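Here the structure is laid out as structure tokens; the discussion comes afterwards.
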Amino acid sequence: MKYQNLKAFQKHLSSAAPHHLCRMYLIAIPDDFERAQVLNAILSYLVAPPTRFSGADCTLRDCLDAIQSLSLFGESVVILDEVEKFPKKELETLCSHLSAPAGYILFGARSKTALAPIVEKEGVVLDLLEEKAWDKEKRLAEQLHERAKNAGKRLAPDAVPFLFERLGQDPALLDSEIDKVICYVGNRLEIVREDFLRISPASRTSTLWQIGEQVVWEGGEILPVDGTTFHGLIPILRSQLHLGLTLATLIEENRPPDQWSRYLPKLWPKTLEKRSSQAASLGAPYFRKGLAKLFDIELLSRTHSTQYRALLDLFRAHLYAR
């Protein structure tokens, strides 16, 4: 069995554990931190302490002895990480012994391995090696929201895009930062963008958030982008356009400013004053047009085109056209 979605794999794990777990798992995830998290999730259902090996330095004999040995706690548990580094001939020999393991065998891989078809036939594979950039971003965002929810907190809509823009998408770093901010806000139930601004270091000199603000509000240029930058910039542009449309609509409807807070994310007073003035000048049609074209270029990026700079130039041309 093979999974290419972490949530589906987690559902399998929770339904199979503890009495119907497979004897063999392959966790193929490029990031060491995420791979270790999944392996540890499987281990949490097993009683025997694991014997750990790395494909970079273990011998075939040591690995086979561990696989075929019984533990004092019953069936053995063996982890062979970085299995892609295991010598090819020895891997073939190892595969020939995997049809009836004496215990549980957990493999980890940073890249493709010839072991995958064997494990898929005999056990379960989680393969995130070809996960799309936007799918990874969505998954990480969901994990951050879930982490906050489990702590009794709620993440404001613009908080996660800002965190991605500020720190990138390193899972270990994001994991650390969400824990920090949960402690930082104390008894407050909502975590907002400004909380991350106060406690999280910026990892980029020219931030995507600044670029997104400049594009929507100032008519700014866009630096050269790759796929990761493009898909990181899209939610920021969407957030700014939604903010502008909300402000412009409130102004057009003559809503008193003291009623605006229920419709807006938390903003600094000076920022709110500046953005409301700009929104009144630009008008609601400007932001509606931007949201429609943003949807178009995001759809193109996922179906036909990888010319990310050209797509963003197309977005800017439609946005600024009068």
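Per atom type, the chain shows carbon and sulfur on 53% of its accessible surface, probed at 1.4 Å. Backbone phi angles across region 162-174, fed through the Karplus curve with coefficients 6.51, -1.76 and 1.60 (θ = phi - 60°), yield HN-Hα couplings of 5, 5, 4, 5, 7, 10, x, 10, 6, x, 5, 5, 4 Hz in residue order; Gly and Pro are listed as x.
Ordering His12, His145, Thr249 by the projection of their Cα atoms onto the charge dipole of the chain, which places +1 on the Cβ of Lys and Arg and -1 on the Cβ of Asp and Glu, puts Thr249 at the extreme positive end.
Taking a straight line from the alpha carbon of Lys2, these lysines sit under 30 Å away, with near neighbours fewer than eight places off in the same chain left out: Lys11, Lys85, Lys88, Lys89, Lys112, Lys121, Lys132, Lys136, Lys138, Lys149.
What whole-number value in Å² describes the accessible area per residue of the chain for a 1.4 Å probe? Could you put the intermediate results ahead of the total?
Working: 16620 Å² over 322 residues.
Solvent-accessible surface per residue comes out at 52 Å².
Seen against the Cα atoms of the chain and their longest principal axis, helix 308-320 is set at about 20 degrees. Relative contact order of the chain: 15 percent, from C-alpha pairs under 8 Å at least 6 residues apart in sequence. Checking (i) 59; (ii) 53; (iii) 40 against percent of Cα pairs over 28 Å apart calculated from these atoms, the matching label is (ii).
The values are calculated or read from the model by the stated rules, or taken from the named source; none is laboratory data. This structure is a prediction, so every number in the text was calculated from the model and none was measured. All Cβ positions, glycine included, derive from the backbone under ideal geometry; neighbour counts span all protein chains shown. The protein model used for the area step is the full one, side chains on, heavy atoms only, and it has no ligands, DNA or RNA in it. Shrake-Rupley method; radii C 1.70, N 1.55, O 1.52, S 1.80 Å.
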